[in-house]
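A quick write-up on the structure given underneath.
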Amino acid sequence: MVLTCFAREYWQFFLTQGLCVGLGVGCLFLPSVAIVLTCFNKNLALATGAVVAGGSIGSVIYPILFSHLQPKIGFGWATRVIAFVNFFYPYY
């Protein structure tokens, strides 16, 4: 995510967002859902719903955060702030 702030051409955005971030999120999200399936026998649907809800919350919070920060501090630093949020709260 941090490498996105240095991107200037389309292929650089594709590489950082499409491949690197996509693979990283896939490696974090899928094991978290799979672990819930092995740990819960009772209320499995509720536990899985709680885990999957993190993606929905992040889909709301990140665009709002970016749209407020980008005019004030620029694209590069807004992207770095989102990367820091990902680092400290990786399940959003």
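The values are calculated or read from the model by the stated rules, or taken from the named source; none is laboratory data. From a predicted model like this one, the values you see are computed outputs, not experimental measurements. Note: ideal-geometry Cβ built from the backbone for every residue, glycine included; neighbour counts use all protein chains shown.
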One residue from Leu30, Leu69, Leu19, Leu23 being surrounded by 11 or more Cβ atoms within 10 Å (Cβ to Cβ) and free of Cβ contacts under 8 Å to residues at least 24 places away in the same chain
Leu69
Any chance you could count how many residues in the stretch 33-92 are closer than 21 Å to Phe13 by Cα and among the charged types (D, E, K, R)?
1
Among helices (runs of 4 or more DSSP H) completely within the chain, the ones holding 2 or more residues that are at pLDDT below 80 and either in contact with a helix residue (DSSP H, G or I) (Cβ under 8 Å, 6 or more places away or on another chain) or of a type in the set (Asp, Glu) (or both) are 22-39, 44-88
Go through the residues of the stretch 80-88 one by one and say whether even a single one is of a type in the set (A, V, I, L, M, F, W, C), surrounded by 14 or more Cβ atoms within 10 Å (Cβ to Cβ) and either over 20 Å from Cys20 (Cβ atoms) or touching a His at 6+ places or on another chain (Cβ under 8 Å) (or both).
no
